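Undergrad: Please see the structure below; I have some questions.
The values are calculated or read from the model by the stated rules, or taken from the named source; none is laboratory data. Keep in mind that what you see is a predicted model, and the values were worked out from it rather than measured. All Cβ positions, glycine included, derive from the backbone under ideal geometry; neighbour counts span all protein chains shown.
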Amino acid sequence: MSYDYWCGVCRTISTHPSRAAAETGRADHIAAVHHGRRPDRERITPPPAPAPAPAPRPSVLIALLTKSKAATAFVLVFVVIFLYGLLKWSDRVAHTYLPAHAPTVQPSTAPPSP
Ligand SMILES: [Zn+2]
C-alpha cells in the first residue's frame, strides 16, 4: 500500500508509504528540481483499491429465467412436454414389462335368480 508521486515534466515516479509522505515528497521535488514551480501533469496516485470478492455466479438458466419472460415460457413449455413424454414412456414400459393386474371378468354361468 503506497502512494506514488508522478512528475509529468521529469517523467519520474517516487513511492511513499502514506499520502502525507507523498505530499512531502512532492514539495521536496518541486523545491529541489523545479525551483518552487509546480510541474505540468503531476499527480499523487493512491494505492489501488483491493479487488472485490467475486460475487457468486448464478447459472445461465437462472439468469435467463430472471431476465426474460420468453425464456421462462420456453422452459415451462419444455418441462410440460418432457413430463408428458415421460408419462407416456412410463405407461408404455408398464404395459410392456409388467403383468396385468386387472382381474378378467368371467361371464356368469349361474342361472338367473328369480
Ligand atoms: Zn519534476
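Undergrad: Any residue in segment 28-39 that's within 20 Å of residue 16 (Cα to Cα) and near the ligand (Cβ under 10 Å from one of its atoms): show its pairings with residues that are β-branched (Val, Ile, Thr) and modelled with pLDDT under 95 at Cβ separation under 7 Å, as long as the two are six or more apart or on different chains.
TA: Note: no pairs meet the criteria.
Undergrad: What are the residues in segment 1-58 that are exposed (fewer than 10 other Cβ atoms within 10 Å of the Cβ) and small (Gly, Ala, Ser), if any?
TA: Scanning segment 1-58 gives 32, 36, 49, 51, 53, 55.
Undergrad: Let me ask another. Would you check if residue 102 is away from the ligand (no atom under 16 Å from the Cβ) and either modelled with pLDDT of 85 or more or closer than 30 Å to residue 8 by Cα (or both)?
TA: When the stated conditions are applied, residue 102 does not pass them.
Undergrad: Okay, next question. Would you confirm whether any residue within segment 44-61 is aliphatic (A, V, I, L, M), away from the ligand (no atom under 14 Å from the Cβ) and assigned to a helix (DSSP H, G or I)? So that I can check it myself, show each step before the final result.
TA: Filtering segment 44-61 down to residues aliphatic (A, V, I, L, M) leaves 44, 49, 51, 53, 55, 60-61.
Imposing the further condition that a residue be away from the ligand (no atom under 14 Å from the Cβ) reduces the set to 49, 51, 53, 55, 60-61.
Now drop any that are not assigned to a helix (DSSP H, G or I), which leaves 60-61.
Yes - at least one qualifying residue is present in segment 44-61.
Here's the yes/no breakdown for (1) touching a Leu at 6+ places or on another chain (Cβ under 6 Å); (2) among the β-branched types (Val, Ile, Thr); (3) in a helix (DSSP H, G or I):
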site: 6; (1), (2), (3): no, no, no
site: 9; (1), (2), (3): no, yes, no
site: 20; (1), (2), (3): no, no, yes
site: 26; (1), (2), (3): no, no, yes
site: 29; (1), (2), (3): no, no, yes
site: 41; (1), (2), (3): no, no, no
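Undergrad: With the condition kept exactly as written, say whether any residue in segment 51-74 is outside the structural domain of residue 10 (by TED's automatic domain parsing) and within 30 Å of residue 11 (Cβ to Cβ).
TA: Yes, because at least one residue in segment 51-74 is outside the structural domain of residue 10 (by TED's automatic domain parsing) and within 30 Å of residue 11 (Cβ to Cβ).
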